[in-house]
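Following: one structure in structure tokens, then a few remarks.
Each value in this text was obtained by applying a stated rule to the coordinates, not by laboratory testing. Only a predicted model underlies this, so the values are computations on that prediction, with no experimental measurement involved. Note: ideal-geometry Cβ built from the backbone for every residue, glycine included; neighbour counts use all protein chains shown.
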Amino acid sequence: MSNLKETEATQAAGEVPVKEQTPDTKAPKTRKRTAQRAGAIRTRAASSALQASSSKAIASPTVRAARRNYSENERAQKLGEIEKQIGRGESIKAAVQNAGISEQTYYHWKRAAGQTTQSDELKDLVKLEEENARLKKLLADRLRKENAELRKKLGLA
């Protein structure tokens, strides 16, 4: 109320009323207003995309192929093809493109194949060690029998 009396007094005196300084705060946007802005932006983007597609200077966007799941055999075959091409002197990038997969996929498959071969190698090593021990025992038995026969022939036993 005191502000109202002050403004009346200043107007009566012929002075120009001074606007009170209030902090500038934005009013919260309504959803409708925000949606209208977004719609306008989409409309502008669509019209600019239409203009861009009609001009021949800009290339058309690439279309992605559908994602495909490869079996373990197919993966091994593709990895083999890529390794052969790399062995012939082609770059990894070119070899991967020829195989029809991305570089990232190639490295994922290669790492996965490497992990399985390490475990396979370990299993093979264990089998070889067991076979080696079995053969050593067999050889020792045969040598003992042969030595026993030779002693009998010589009459030492």
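Spin-label model, LYS136 to ARG64: label points 7 Å out along the Cα-to-beta-carbon direction sit 5.7 nm apart. FRET efficiency for the LYS145 to GLN115 pair, using the beta carbon distance and R₀ = 30 Å, is estimated at 0.05. 3J(HN,Hα) along segment 98-114, derived from phi through the Karplus expression 6.51 cos²θ - 1.76 cosθ + 1.60 where θ = phi - 60°, amounts to 5, 6, x, 10, 8, 4, 4, 4, 4, 5, 4, 5, 5, 5, 5, 5, x Hz, with x in place of Gly and Pro. For segment 121-137, 3J(HN,Hα) computed residue by residue from phi via the Karplus equation (6.51, -1.76, 1.60; θ = phi - 60°) reads 5, 5, 4, 4, 4, 4, 4, 5, 5, 5, 5, 4, 5, 4, 5, 4, 5 Hz, glycine and proline entered as x.
If you take the Cα Rg of segment 72-154 and divide it by 2.2 N^0.38 Å, with N the number of residues, what do you get? Each step should come with its number before you reach the end.
Values: Rg = 24.5 Å, N = 83, 2.2 N^0.38 = 11.8 Å.
Segment 72-154 yields a ratio of 2.08.
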